[in-house]
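Visitor: This is the structure I want to talk about, given as structure tokens.
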Amino acid sequence: MTGLGAVFRPQLPPERLRALARLADETGLDELWLWEDCFREGGVSTAAAALAWTERVRVGVGLLPVPLRNVGITAMEAASLHRMFPGRPVLAVGHGVQDWMGQVGARAASPLTLLREHLDALRALLRGERLTTEGRYVKLDDVALDWPPPGPVEILAGATGPRTLQLSGAAADGTVLTAGTPPEGVRQARRLIDEGRASADRTDPHRVVVYLLTATGPDAAARLHAELTAEGLADVPDLGVAGDAPTVAKAVERLTEAGADTVILQPTADEPDPEGFIRFTARDVRPLVP
């Protein structure tokens, strides 16, 4: 079955999260995703709160920018979430927006090297390994978690460029693709991910999560067009969807046929009814997505 979820966008104040997370849980939504966008809301803090307020919905963070955090801290936080809420956290790491990383003095000269080192160390620590490494960016001396997760957990990587997609295939357990990825872009991403997996002799599952910019309601088309225009993406074919539940479900289907395993509906930044969007995703679109 295709996974389906929705985004709590950080343009909403954090005090709105409790009601929306509980609504996602009550309506049977598969996954609720959060963002750690500078300089709005912390990814781990909001995820922990959303998990504590709910019982069954999976909570994703897409993504944690690795230049902002020491891998030891990432591992400790990830392990704590997975032990407290088994099977429900979904964490993705990535380069982060380079301009934002520069604003806080954390921009890496080689983002690809940093992400590879972070992924390798993070996954090893979460497997319960004791690690000593002296990389260009990640340096650990006899580090092991006292409380690693009791079983395997997936760590995803956010990726857009070809080399990062190949790296995600080789070094992560899944990939998150932005809402700027049309169906043909998903096909191309899958090919690059598979190249990376082959280079690392990976045969385990690799989940591809894709955001789908979505608008519904009487002004849906205008809001979708305005956001795509603001992002410089208005001329990209088959990007985003505006309309009723069957129309949105068809757009989800096009992404899954292209290689997506999970599609996360991303409301426009000016979505007038976030609660209604959660209900629409869970009650109207979910029954139409096989």
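The values are calculated or read from the model by the stated rules, or taken from the named source; none is laboratory data. Source: prediction; values computed, not measured. Note: ideal-geometry Cβ built from the backbone for every residue, glycine included; neighbour counts use all protein chains shown.
Visitor: If a residue has to be more than 14 Å from GLN266 (Cα to Cα) and aliphatic (A, V, I, L, M) to count, how many in the range 224-244 make the cut?
Guide: Matching residues across the range 224-244 total 5.
Visitor: Having 3 or more residues that are in contact with a strand residue (DSSP E or B) (Cβ under 6 Å, 6 or more places away or on another chain) and either in contact (Cβ under 8 Å) with a residue 12 or more places away in the chain or of a type in the set (S, T, N, Q) (or both) is the bar; report the helices (runs of 4 or more DSSP H) wholly within the range 196-290 that clear it.
Guide: By residue number, 220-230, 245-258.
Visitor: For the condition surrounded by 15 or more Cβ atoms within 10 Å (Cβ to Cβ), assigned to a loop (DSSP other than H, G, I, E, B) and at pLDDT 95 or above, what is the one hit in LEU4, LEU12?
Guide: LEU12
Visitor: Could you figure out which of (1) under 18 Å from the mean Cα position of the chain (by Cα); (2) surrounded by fewer than 16 Cβ atoms within 10 Å (Cβ to Cβ); (3) without any contact (Cβ under 8 Å) to a residue 40 or more places away in the chain isn't true of SER110?
Guide: Only one criterion is unmet by SER110, namely (1).
Visitor: For the subset of the range 173-193 comprising residues that are free of Cβ contacts under 8 Å to residues at least 60 places away in the same chain and either part of a loop (DSSP other than H, G, I, E, B) or more than 19 Å from the chain's Cα centre (by Cα) (or both), which member is surrounded by the most Cβ atoms within 10 Å (Cβ to Cβ)?
Guide: THR181
Visitor: Check the range 50-57 and report whether any residue there is over 26 Å from GLY196 (Cα atoms), surrounded by 15 or more Cβ atoms within 10 Å (Cβ to Cβ), of a type in the set (D, E, K, R) and touching a helix residue (DSSP H, G or I) at 6+ places or on another chain (Cβ under 9 Å).
Guide: No, because not a single residue in the range 50-57 is over 26 Å from GLY196 (Cα atoms), surrounded by 15 or more Cβ atoms within 10 Å (Cβ to Cβ), of a type in the set (D, E, K, R) and touching a helix residue (DSSP H, G or I) at 6+ places or on another chain (Cβ under 9 Å).
Visitor: Now, a different point. LEU68 fails exactly one of the following numbered conditions: (1) crowded, with 21+ Cβ neighbours inside 10 Å; (2) within 18 Å of the chain's Cα centre (by Cα). What is the number of that condition?
Guide: Unmet condition: (1).
Visitor: Only one residue in LEU255, LEU288, LEU212 is touching a Leu at 6+ places or on another chain (Cβ under 6 Å) and among the hydrophobic types (A, V, I, L, M, F, W, C). Which one?
Guide: LEU212
Okay, residues lined up against (1) at pLDDT below 95; (2) assigned to a strand (DSSP E or B); (3) out of contact with any His (no Cβ under 6 Å at 6 or more places or on another chain); (4) not small (Gly, Ala, Ser):
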position: GLY102; (1), (2), (3), (4): no, no, yes, no
position: ALA106; (1), (2), (3), (4): no, no, yes, no
position: THR113; (1), (2), (3), (4): no, no, yes, yes
position: ASP141; (1), (2), (3), (4): no, yes, yes, yes
position: LEU145; (1), (2), (3), (4): no, no, yes, yes
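Visitor: Let me ask another. Which one of LEU224, LEU156 is crowded, with 19+ Cβ neighbours inside 10 Å, in contact with a helix residue (DSSP H, G or I) (Cβ under 9 Å, 6 or more places away or on another chain) and of a type outside the set (D, E, K, R)?
Guide: LEU156
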